[in-house]
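The values are calculated or read from the model by the stated rules, or taken from the named source; none is laboratory data. Because the structure is a prediction, the values reported are computed rather than measured. Cβ placement follows ideal geometry from the backbone for every residue including glycine, while neighbour counts extend to all protein chains displayed.
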Amino acid sequence: MGGSLGADTLCSETIIGQLVKPAGMDRYFFLGGAADGRVTEVLGLDTVRRLPDGEYVHTEAQVALAKQAQADYQQALSEGSRLTIVRGQAGLSAAKPVRKYVDAGRSFAARAAYDAKHLYVAYEVTSLTDLVNAINDPKLIFKGGNLIDLQFAADPAANPNRKTPAPGDVRLLVTQQAEKTGGRHLPAPSQRVHRANRIVLTSPTGKESF
């Protein structure tokens, strides 16, 4: 115990192993172990030679393959994660996030917290563009650029696997225009809304009421 490392010192646990050449010997030993100490002689180091110089070509196809493998792995991780909503705004930064990974330039992590009056959501976004939107008409804001899209299923009795909104569901779109942040509440299409307040959007694929 104590002193410095050397050929007479066995290391284990926190200092795993050392390669030593004892003074006066042309022999190499590996000293290591875990809950024990082991002395292993290493042979053949005198035959080690530097390989001749060469050239390695990393093709665009290999780059694309590596990127796709990384994206598939990150996607598999995000699909298995669940959003944990913690109590109190102070715990927001340490809350376990839910993540979405598209590629190296596009991904986000979202955290959520609540108290008696508020729901707090924090996003960490990697994107090629900022949170900006060019549409001034709030009815068409989802066509004008980037948005944070929050969807709340408010009826616990509704089908949790539904693909369309149920009465009581709420959608909140948040974006930034002229350095000011704002949102738009869009009631569910099936929610009863006075006909004068209903918006019908039509496209070549069909129409939808909001």
Test result for Ala166, over 30 Å from Val63 (Cα atoms), surrounded by fewer than 12 Cβ atoms within 10 Å (Cβ to Cβ) and either among the hydrophobic types (A, V, I, L, M, F, W, C) or in the same structural domain as Ala66 (by TED's automatic domain parsing) (or both): no
Residue check for Asp115: at pLDDT below 90 and of a type in the set (Asp, Glu): no
Conditions (1) over 15 Å from the mean Cα position of the chain (by Cα); (2) under 25 Å from Thr129 (Cα atoms); (3) touching a residue at least 24 places away in the same chain (Cβ under 8 Å); number of the one not met by Val63: (3)
Matching strands (runs of 3 or more DSSP E) fully within the stretch 138-188 where at least 2 residues are at pLDDT 80 or above and among the hydrophobic types (A, V, I, L, M, F, W, C): 148-152, 170-177
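Taking the stretch 6-28 as the search range and keeping residues that are of a type outside the set (Val, Ile, Thr), at pLDDT below 75 and surrounded by fewer than 12 Cβ atoms within 10 Å (Cβ to Cβ), which one is nearest to Thr40 (Cα to Cα)?
Going through the stretch 6-28, the residues of a type outside the set (Val, Ile, Thr) turn out to be 6-8, 10-13, 17-19, 21-28.
Okay, now just the ones that are also at pLDDT below 75, so 6-8, 10-13.
Retained after the next criterion (residues that are surrounded by fewer than 12 Cβ atoms within 10 Å (Cβ to Cβ)): 6, 8, 13.
On the way: Gly6: 15, Asp8: 13, Glu13: 17 Å.
Here the answer is Asp8.
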Yes/no for Arg111 being surrounded by fewer than 16 Cβ atoms within 10 Å (Cβ to Cβ), in contact (Cβ under 8 Å) with a residue 12 or more places away in the chain and not hydroxyl-bearing (Ser, Thr, Tyr): no
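When you go through Leu77, Leu92 one by one, which is the residue that is free of Cβ contacts under 8 Å to residues at least 60 places away in the same chain and more than 16 Å from the chain's Cα centre (by Cα)?
That would be Leu92, the only listed residue that is free of Cβ contacts under 8 Å to residues at least 60 places away in the same chain and more than 16 Å from the chain's Cα centre (by Cα).
Is there a residue being polar (S, T, N, Q) and within 30 Å of Leu147 (Cβ to Cβ) anywhere in the stretch 44-65?
Narrowing the stretch 44-65 to residues polar (S, T, N, Q): 47, 59, 62.
Still in the list and also within 30 Å of Leu147 (Cβ to Cβ): none.
No, the stretch 44-65 has no match at all.
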Residue in the stretch 112-137 that is farthest from Leu172 (Cα to Cα), counting only those that are in a loop (DSSP other than H, G, I, E, B) and aliphatic (A, V, I, L, M): Leu128
Of the criteria (1) at pLDDT below 85; (2) not assigned by TED's automatic domain parsing to the domain that holds Leu77, which one Tyr101 fails: (2)
